[in-house]
Amino acid sequence: MSTTTATRFPQIAFIGGGNMASAILGGLIHQGLPLGQIEVVEPWEQARTALQQQFGVVAHAGAGPQLERAEVVVWAIKPQNFKDAALDTQSYTRNALHLSVAAGIRSSSIAHWLGSERVVRAMPNTPALIGQGISGLYARPSVSETERLLVEQIMASTGAHLWVEAEAQLDAVTALSGSGPAYVFYFLEAMVQAGVDMGLSAAQSEQLAIATFAGASELAKRSHESPAALRERVTSKGGTTYAALETMRGAELDRHFIAALRAAQTRAQELGDACGA
């Protein structure tokens, strides 16, 4: 998003001012989005105060005519609150492009509640808080190519993105990358505990484990080889890595891990059913 003139930025409204909204908002302000082009609706007083202190924006407790200026509305609220918030807001935002980062709420429900087909769903993950996230994006057919580009510019403040052509694929995105940071933290916990059990301090184990995940991820990102090929390069038959991997294979860790991701996908589908119109 260009920062040469303020007119290059759209008028943006945020419904919800929690962590993900703050990540997007902070990134846009860093890019040069003027505070005068931002509206925020956040019912929780403590969150409104935090936004004021962190970014200097004024947040409102409820929807109102101030939202009529919005060209883009970013929905960053809990799924169970979405319908009521949408019904309260729809009369002010019928002309806006709607971008939802709320997990599980399908675009058909959002379109129904808001009376608009111009809806994009995004599934980000928590590394967005440091600009290192990745988001899966899905646009309803009424969203133009120009509007897709605008969404990309907004989500660029949180990291990378990819588009999916079928909305059901967002449930897989949720299972893989949306919930994915928790899997990484889970394995980091196990590696730290193993290090302690083997005689290292907790601090040493944590430093080694985090650096290993970060370095291996960066290597995979830069390499033209597949993860399987990179794994094979580290594994010598009869060596230490081989011994560890054979233990994992014996426990069918890969099968259990894939089953865990499928459970997350199923739960995402269930949430979509439960929270829909």
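The values are calculated or read from the model by the stated rules, or taken from the named source; none is laboratory data. Computed from a prediction, not measured in an experiment: that's the story for all the values here. Counting neighbours? That spans all protein chains shown, and the Cβs are built from the backbone with ideal geometry, glycine included.
Numbers for the structure displayed
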{"quantity": "Count of region 87-123 residues which are touching a residue at least 40 places away in the same chain (Cβ under 8 Å), more than 17 Å from Gln269 (Cα to Cα) and of a type in the set (Gly, Ala, Ser)", "calculated": "1"}
{"quantity": "Glu71 vs. criteria more than 22 Å from the chain's Cα centre (by Cα) and either more than 18 Å from Pro124 (Cβ to Cβ) or surrounded by fewer than 16 Cβ atoms within 10 Å (Cβ to Cβ) (or both)", "calculated": "no"}
{"quantity": "All positions within region 153-206 that are over 20 Å from Ala23 (Cβ atoms), surrounded by 17 or more Cβ atoms within 10 Å (Cβ to Cβ) and in contact (Cβ under 8 Å) with a residue 40 or more places away in the chain", "calculated": "Asp171, Ala172, Ala175"}
{"quantity": "Single unsatisfied condition, Phe14 versus (1) in a helix (DSSP H, G or I); (2) modelled with pLDDT of 95 or more", "calculated": "(1)"}
{"quantity": "Odd one out for Arg262, checked against (1) of a type in the set (D, E, K, R); (2) over 22 Å from the mean Cα position of the chain (by Cα); (3) assigned to a helix (DSSP H, G or I)", "calculated": "(2)"}
{"quantity": "Long-range neighbours under 6 Å by Cβ, at least six apart or interchain, first residue without any contact (Cβ under 8 Å) to a residue 24 or more places away in the chain and within 15 Å of Asp88 (Cβ to Cβ) within region 53-73, second small (Gly, Ala, Ser) and in a loop (DSSP other than H, G, I, E, B)", "calculated": "none"}
{"quantity": "Of the criteria (1) surrounded by fewer than 17 Cβ atoms within 10 Å (Cβ to Cβ); (2) modelled with pLDDT of 95 or more, which one Glu147 fails", "calculated": "(1)"}
{"quantity": "Hey, Thr240 loosely packed, with under 11 Cβ neighbours inside 10 Å, more than 22 Å from Gly133 (Cα to Cα) and of a type in the set (S, T, N, Q) or not", "calculated": "yes"}
{"quantity": "Failed condition for Thr93, given (1) over 24 Å from Ala274 (Cα atoms); (2) surrounded by fewer than 17 Cβ atoms within 10 Å (Cβ to Cβ); (3) over 17 Å from the mean Cα position of the chain (by Cα); (4) among the polar types (S, T, N, Q)", "calculated": "(2)"}
{"quantity": "Residue match in region 125-136 (condition: over 18 Å from Leu25 (Cβ atoms) and surrounded by 21 or more Cβ atoms within 10 Å (Cβ to Cβ))", "calculated": "yes"}
{"quantity": "Pair list, Cβ under 9 Å, 6 or more apart: region 209-233 residue surrounded by fewer than 12 Cβ atoms within 10 Å (Cβ to Cβ), other residue hydroxyl-bearing (Ser, Thr, Tyr)", "calculated": "Ala229/Ser223"}
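Condition check ((1) assigned by TED's automatic domain parsing to the domain that holds Gly131; (2) within 26 Å of Gly131 (Cα to Cα); (3) among the β-branched types (Val, Ile, Thr)) across all residues:
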position: Glu145; (1), (2), (3): yes, yes, no
position: Arg148; (1), (2), (3): yes, yes, no
position: Ala156; (1), (2), (3): yes, yes, no
position: Thr174; (1), (2), (3): no, yes, yes
position: Phe185; (1), (2), (3): no, yes, no
position: Ala194; (1), (2), (3): no, no, no
position: Met198; (1), (2), (3): no, no, no
position: Ser201; (1), (2), (3): no, no, no
